[in-house]
Amino acid sequence: MITIGLTGGIGSGKSTVGAMLKDLGAAFIDADKVGHRLLREDEALKAEIVRLFGEDIVNGNGQIDRRRLAGIVFSDPAALNRLNAVTHPLINRAVAAEVAQLRQDGYQVIVVEAPLLVEAGWAAESDTIWLTVAPAKVVLKRLVEKMGYTEAEAGARIASQTSNDERRRYAAEVIDTDTSLEELKIRVERLWRGL
């Protein structure tokens, strides 16, 4: 059994590569989605985040408005650090529990997609780390055209992240996603066979 830590900056193509790995038979965990679920369901976590960032981040349904929260933390590194200090340990525990269950269920390959794999200190939890990368102009275009961010929002998110040079220090494989989907699929399938 092997656990692949799939990481990369926002808009780098992680989800596309992750979907290809799922199609090849890997079990898949999206750490961001685990975090989103915890924000919805963990009342103690919600209360702590509201304490840290104020009632303005709560929407009409009593849930944390992730876009409002993002507007605060991605423009203030200290605020982002406070949020990560509260959320990362809980996400890490939840992901570890899911990995353990998937191993028990007999999956041979488990992919954990985590943009902050390195930053959160989760690199040691992976047997191998695959990094997705793309040129900055391509990432910016993806964020604006496909994800609906303004250029300012996209720029703030990109600026808040660890550089690809830093991430490369941990990566066993670097996957350039600035290519056709067919070429990317061939590359991913080759890496899969190499497992």
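The values are calculated or read from the model by the stated rules, or taken from the named source; none is laboratory data. Model, not experiment: these values are computed from the prediction. Virtual Cβ from ideal backbone geometry, glycine too; neighbours counted across all protein chains shown.
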Residues (modelled with pLDDT of 95 or more, farther than 25 Å from Ala136 by Cα and surrounded by fewer than 20 Cβ atoms within 10 Å (Cβ to Cβ)) located in the stretch 1-27: Ile2, Lys22, Asp23, Leu24, Gly25
For Asp32: the one exception among (1) surrounded by fewer than 14 Cβ atoms within 10 Å (Cβ to Cβ); (2) at pLDDT below 95; (3) in a helix (DSSP H, G or I): (1)
Residue check, Val95 of a type in the set (A, V, I, L, M, F, W, C), in a helix (DSSP H, G or I), under 30 Å from Leu191 (Cα atoms) and touching a helix residue (DSSP H, G or I) at 6+ places or on another chain (Cβ under 9 Å): yes
Leu143, sole failed condition from (1) surrounded by fewer than 18 Cβ atoms within 10 Å (Cβ to Cβ); (2) assigned to a helix (DSSP H, G or I); (3) at pLDDT below 95: (1)
Per-region count, the stretch 102-127, residues modelled with pLDDT of 90 or more and surrounded by fewer than 18 Cβ atoms within 10 Å (Cβ to Cβ): 6
Search result, residues across the stretch 74-101 that are in contact (Cβ under 8 Å) with a residue 60 or more places away in the chain and either out of contact with any strand residue (DSSP E or B) (no Cβ under 8 Å at 6 or more places or on another chain) or surrounded by fewer than 14 Cβ atoms within 10 Å (Cβ to Cβ) (or both): Phe74, Ser75, Pro77, Leu80, Ile91, Ala94
